[in-house]
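Written below as structure tokens is the structure these notes are about.
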Amino acid sequence: MQKSNSNYERIILIVMALAALAGGAWFILSSKGFPETLAQRPITPKSYDGVVPVKNLEEATALAAADNKSWTAPVRNNKPVPLFKSVLLVLKNDQPDQPIDMFL
């Protein structure tokens, strides 16, 4: 009985080895065409007939540069509010617009 099982095991081992070789060969052959997928397509630039609003851009840039407000962290009950972690809030059914902060 042992001898007949070893033949089946060898056959299964040979079939799996051939399948692995065939799969490896298929992957290698399919990767040969990969550089063509990275080729850049020719781009045709569209003509722009409008006028660039330089005055509006300069005004927006000057307004953004003049608005120099520093940001201050929010504080509730003399405790800074954590901005990078969640805060446990509870909503009441009768007052859904006023959440209760459970850490305060």
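The values are calculated or read from the model by the stated rules, or taken from the named source; none is laboratory data. Predicted model, so just to flag it, every value in this text is computed and none were measured. Cβ atoms come from the backbone with ideal geometry, glycine included; neighbour counts cover every protein chain shown. Accessible surface areas use protein heavy atoms only, side chains included; no ligands, DNA or RNA. Shrake-Rupley method; radii C 1.70, N 1.55, O 1.52, S 1.80 Å.
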(request) Rounded to whole Hz and in sequence order, give me ³J(HN,Hα) for segment 55-72 from the Karplus expression 6.51 cos²θ - 1.76 cosθ + 1.60, θ = phi - 60°, writing x for Gly and Pro. (result) 5, 5, 5, 5, 5, 5, 5, 5, 5, 5, 6, 6, 7, 10, 9, 8, 8, 10
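Pulled fully out, how much extra length does the chain show between residue 71 and residue 18, if you take 0.36 nm times their separation in residues and subtract their Cα-Cα distance? Kindly include the intermediate steps, with their values, before the conclusion.
Numbers: separation 53, 0.36 × 53 = 19.08 nm, distance 6.63 nm.
Additional length available on full extension: 12.4 nm.
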(message) Run the simple label-point estimate for residue 88 and residue 48 please: 7 Å along Cα→C-beta, distance reported in nm.
(response) 5.4 nm
(request) May I ask you to evaluate 6.51 cos²θ - 1.76 cosθ + 1.60, the Karplus curve with θ = phi - 60°, for each residue of segment 20-31 and list the ³J(HN,Hα) values in order in whole Hz, giving x for glycine and proline? (result) 5, 5, 5, x, x, 5, 5, 5, 5, 5, 6, 7
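Express the carbon and sulfur contribution to the solvent-accessible surface of the chain as a percent, rounded to the nearest whole number, probe 1.4 angstrom. Please report the intermediate quantities before stating the final value.
Details: 6680 of 10580 Å².
So the carbon and sulfur contribution to the accessible surface is 63 percent.
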(request) Please work out the average accessible area per residue across the chain, using the 1.4 Å probe convention, and give it in Å². (result) 102 Å²
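Would you mind calculating the gained length between residue 31 and residue 60 on full extension (0.36 nm times residue separation, minus the Cα-Cα distance), in nm to one decimal? Each step should come with its number before you reach the end.
Numbers: separation 29, 0.36 × 29 = 10.44 nm, distance 5.03 nm.
Result: 5.4 nm gained on full extension.
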(request) Positive end of the charge dipole of the chain (Lys, Arg +1 and Asp, Glu -1 on Cβ, about the Cα centre): tell me which of 95, 82, 18 has its Cα farthest that way. (result) 18
(message) Heavy atoms of the protein only, probe of 1.4 Å, neighbouring chains included. What is the accessible area of residue 55 in Å², nearest 10?
(response) 140 Å²
(message) Relative contact order for the chain: what percent, with Cα pairs under 8 Å and sequence separation of 6 or more?
(response) 10 percent
